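What follows is a short report on a single structure.
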Amino acid sequence: MQIRTLGSTGPAVSALGLGAMGMSGAYGAADRAESIATVHAALEAGVTLIDTGDFYGMGHNESLLAEALRGRDRDSYRLSVKFGMLRGPGPVFGGHDCRPEAVRNFLAYSLTRLGTDHIDVYRPARLDPAVPVEETVGAIKEMIDAGYVRHLGLSEVDAATIRRAHAVHPVADLQIEYSLISRAVEADVLPTLRELGIGMTAYGVLGRGLISGHWSAGHTAGPGDGRATGPRFAGGNVEHNLALVEALRRVAEAKGRTVAQSAIAWVAAQGEDIVPLVGARTRERLAEALPAAELSLTADDLAEIEKAVPPGAARGDRYPAAFMSGLGVGN
C-alpha cells in the first residue's frame, strides 16, 4: 500500500482510506460481523486511515470500530472523526452544534466509545452558521494542546472558511465530496488547499454507489437506505447518470479494470495530496477497490475517462435540497 501525507502538517496515511459510514445503516441494514471482518481485511491490506462520525448510527459506528480495532497497536492506524451533526429519533437531523463546549462534549463521548485516548484528525462535519469557525477551531486547538487530538480537519466548507480556520491553527486536511460526477471543488477549494499546504480526503468517490458499476436501472433503495431520497438516484436522473457509467465501463473494461477501480484511481490521480475514502462495507467490495491504489493512469487514460464522464455531466444535486445549503460548494 502506498503512503500519502495529509497536507504539510498532517499524518502519513495509506493512499486509500476506509469510510465506515455504510456499516451503520446509512445505506440500509449492514451485517455487523461482515463489517468487522471488512475493517480487519482493510488493516491487513495496509489501509491505515479509517473515517467515521459520532452521529453515524448515533454512536453505533464508533462502538463498532472500537470492537474491530480492539487489541490492535494504536500507532498502526489513524482515526478521522467528524462531530457536530445533531440527530433525533428516527431519520431526523437537527442542525449543528460546534460551540466550544459542544466540541469538548462530543470529543469526550467519541474517545469513550472508540476506546482510545486520542483522535488523529478531528473535524466539524459541517459549518455551524451560529458559531464563528474561529471559535470551533480554537476549541479543537485546546484539545490538540491537551493531547486528546493530534490534527485539525475540516469538512464541506468553502475556500474563505478554510483560510479563516487555518489562520487559527494549521489544517491537516479537508474532507469533501470529490468524484468524476462531483467536481465543484476544482474551481476554488482545491487551489486554496494547495496554496496553504492542506490535504484532502475525498469521500463519495463512487457517488454513493451510483458510479460503482453495481447500480442498475430499476434498482430501488431498501428500507433505511438514504439513497432513496438522493436526487441523482431519482427517476429521470438515474437513467441519464447510468448511461455515463456504461460509457465509463467501456473504457475500464478495455483496460482490464472495473468501473469502480477506474473511478477511484481517477480521484487518486488528481494529486498526491488527495486520499480517496472507499466506503466498502463488505470484504468483496473492499477487495475490488484496493487495486485502485496501485493503478497508474496515463494522460491518455485520464482523457478517456473524462471523455466518458465529462465535468458537469451528471444530473441531480448530490444531496436533497434541505442539505445543499449547508455545503461549502455545490455539485
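A quick yes/no check of all residues on (1) open to solvent by 10 Å² or more (accessible area, probe 1.4 Å); (2) farther than 30 Å from His96 by Cβ:
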site: Gly256; (1), (2): yes, yes
site: Trp266; (1), (2): no, yes
site: Ile274; (1), (2): no, no
site: Arg315; (1), (2): yes, no
site: Gly328; (1), (2): yes, no
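Here Leu127 clears all of (1) open to solvent by 60 Å² or more (accessible area, probe 1.4 Å); (2) modelled with pLDDT under 95; (3) out of contact with any Ser or Thr (no Cβ under 9 Å at 6 or more places or on another chain) except the condition numbered (3). Per this entry, Ala29 is not counted among residues that are buried (at least 21 other Cβ atoms within 10 Å of the Cβ), more than 18 Å from His151 (Cα to Cα) and in contact (Cβ under 8 Å) with a residue 60 or more places away in the chain. No other residue among Leu6, Leu69 is under 16 Å from the mean Cα position of the chain (by Cα), modelled with pLDDT of 95 or more and open to solvent by less than 20 Å² (accessible area, probe 1.4 Å) apart from Leu6.
Based on what the data block shows, is Ala42 open to solvent by less than 40 Å² (accessible area, probe 1.4 Å), closer than 30 Å to Gly197 by Cα, assigned to a helix (DSSP H, G or I) and out of contact with any Lys or Arg (no Cβ under 7 Å at 6 or more places or on another chain)? The answer is yes for Ala42. In segment 45-58, of all residues being closer than 20 Å to Ser110 by Cβ and among the aliphatic types (A, V, I, L, M), the one that is most open to solvent (accessible area, probe 1.4 Å) corresponds to Met58. Looking only at segment 283-327, residues that are among the acidic types (Asp, Glu) and under 30 Å from His40 (Cβ atoms) come to 3 in all.
In the set (1) under 15 Å from Asp120 (Cβ atoms); (2) part of a helix (DSSP H, G or I), Gly10 fails one condition alone, (2). Here Ala289 passes the criteria (1) under 30 Å from Gly197 (Cα atoms); (2) open to solvent by 20 Å² or more (accessible area, probe 1.4 Å); (3) not acidic (Asp, Glu) except the one numbered (2).
Would you call Gly279 in contact (Cβ under 8 Å) with a residue 60 or more places away in the chain and open to solvent by 30 Å² or more (accessible area, probe 1.4 Å)?
Taking the combined requirement at face value, the residue satisfies it.
State whether one or more residues within segment 190-206 are of a type in the set (Lys, Arg) and farther than 24 Å from Gly22 by Cβ. Yes.
Pairs are defined by a Cβ separation below 6 Å, a sequence spacing of at least 6 or placement on different chains, a first member in segment 287-306 that is without any contact (Cβ under 8 Å) to a residue 60 or more places away in the chain, and a second member that is part of a helix (DSSP H, G or I); the pairs so defined are Glu288/Ala260; Pro291/Gln261; Leu295/Ala265; Leu297/Ala265; Glu304/Val251.
Looking only at residues that are hydrophobic (A, V, I, L, M, F, W, C) and touching a Gly at 6+ places or on another chain (Cβ under 9 Å) in segment 72-89, which one is most open to solvent (accessible area, probe 1.4 Å)?
Applying the filter and picking the extreme gives Leu86.
Quick one: in segment 213-241, of everything that is among the polar types (S, T, N, Q) and surrounded by fewer than 21 Cβ atoms within 10 Å (Cβ to Cβ), which residue is farthest from Arg123 (Cα to Cα)?
First, the residues of segment 213-241 that are among the polar types (S, T, N, Q): 216, 220, 229, 237, 241.
When the remaining residues are screened for being surrounded by fewer than 21 Cβ atoms within 10 Å (Cβ to Cβ), the result is 216, 220, 229, 237.
Values: Ser216: 34, Thr220: 33, Thr229: 26, Asn237: 32 Å.
Among those residues, the one meeting the criterion is Ser216.
Scan segment 96-113 and give yes if some residue there is buried (at least 21 other Cβ atoms within 10 Å of the Cβ), within 15 Å of Ser24 (Cα to Cα) and touching an Asp or Glu at 6+ places or on another chain (Cβ under 7 Å), otherwise no. Looking for residues that are buried (at least 21 other Cβ atoms within 10 Å of the Cβ), within 15 Å of Ser24 (Cα to Cα) and touching an Asp or Glu at 6+ places or on another chain (Cβ under 7 Å), one finds none in segment 96-113, hence no.
Out of Ile162, Ile144, report the one residue that is hydrophobic (A, V, I, L, M, F, W, C) and closer than 22 Å to Gly326 by Cβ.
None of the others qualify; the one that does is Ile162.
Test Val189 against the stated conditions and say whether it is farther than 30 Å from Ala303 by Cβ, modelled with pLDDT of 95 or more and open to solvent by less than 60 Å² (accessible area, probe 1.4 Å). Against the criterion (farther than 30 Å from Ala303 by Cβ, modelled with pLDDT of 95 or more and open to solvent by less than 60 Å² (accessible area, probe 1.4 Å)), Val189 does not qualify.
The values are calculated or read from the model by the stated rules, or taken from the named source; none is laboratory data. As the structure is a prediction and not an experimental result, all values here were calculated from the model. Glycine also receives a Cβ, built like all others from the backbone with ideal geometry; neighbour counts cover every protein chain displayed. Protein only, heavy atoms only, side chains kept; ligands, DNA and RNA dropped before computing areas. Shrake-Rupley method; radii C 1.70, N 1.55, O 1.52, S 1.80 Å.
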